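One structure below.
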Amino acid sequence: MWPFQHRPRPHYTAAAEALILEICQRHGLKVERDESAPVELLFRIPVQEGLSVPIVAGLQNDDELNLSIGEFWSYFFPFEKVKDKFSEALDGFIRGECRVTEYRMPRNKKAFKYILEKRTEDAWETLYAHSTLILWWRNPDVVHITNEGARDFVT
């Protein structure tokens, strides 16, 4: 292989599909595959018994896991290094152990910062954070998105 040639990137579509479906099946959730999405894999998990907020989970760019809850959208990559953290986030949100915290501008209620957090014994641990503003907005409204439909699961 010449130095200017790119090595083929591994594809994780089958592994990502198995990971997402296994978590949803464990919790008895119905999943809709979106074949029209311009990515390798996209699943929509609609509101249903056990889930009070719709979730979108998928894979793009060969090794980038995506998780969307409300307006929150995350990019976990590369696949091999982040699959456990992604699994912890998706499974944790479904169980009610994770939440999305949105920081919104008081006037127009537009969110500018999102944090995916996991409950620990005495605090909330950040699993992923994203901000659309460089500067911090003073006195933002804080909204927590949780799965109020979470059930107790035996795994």
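So, in the range 92-137, how many residues would count as being touching a residue at least 12 places away in the same chain (Cβ under 8 Å), charged (D, E, K, R) and closer than 30 Å to GLN25 by Cα?
Residues flagged as touching a residue at least 12 places away in the same chain (Cβ under 8 Å), charged (D, E, K, R) and closer than 30 Å to GLN25 by Cα within the range 92-137 amount to 7.
Are there strands (runs of 3 or more DSSP E) fully within the range 45-132 with at least 2 residues that are loosely packed, with under 14 Cβ neighbours inside 10 Å and modelled with pLDDT of 95 or more? List them.
In the range 45-132, the matching strands (runs of 3 or more DSSP E) lie at 124-131.
Take VAL143 and tell me if it is surrounded by 17 or more Cβ atoms within 10 Å (Cβ to Cβ) and of a type outside the set (Phe, Trp, Tyr).
no
Of these, VAL31, VAL47, which one is touching a Pro at 6+ places or on another chain (Cβ under 7 Å), more than 25 Å from THR132 (Cβ to Cβ) and not aromatic (Phe, Trp, Tyr)?
Only one candidate passes the filter, namely VAL47.
May I ask you to verify whether VAL39 is assigned to a loop (DSSP other than H, G, I, E, B), of a type in the set (A, V, I, L, M), in contact with a Gly (Cβ under 6 Å, 6 or more places away or on another chain) and under 29 Å from PHE112 (Cβ atoms)?
It is true that VAL39 is assigned to a loop (DSSP other than H, G, I, E, B), of a type in the set (A, V, I, L, M), in contact with a Gly (Cβ under 6 Å, 6 or more places away or on another chain) and under 29 Å from PHE112 (Cβ atoms).
The values are calculated or read from the model by the stated rules, or taken from the named source; none is laboratory data. Here the structure is a predicted model, which is why all the values come from computation and not from measurement. Cβ: placed from backbone, ideal geometry, glycine included. Neighbour counts: every protein chain shown.
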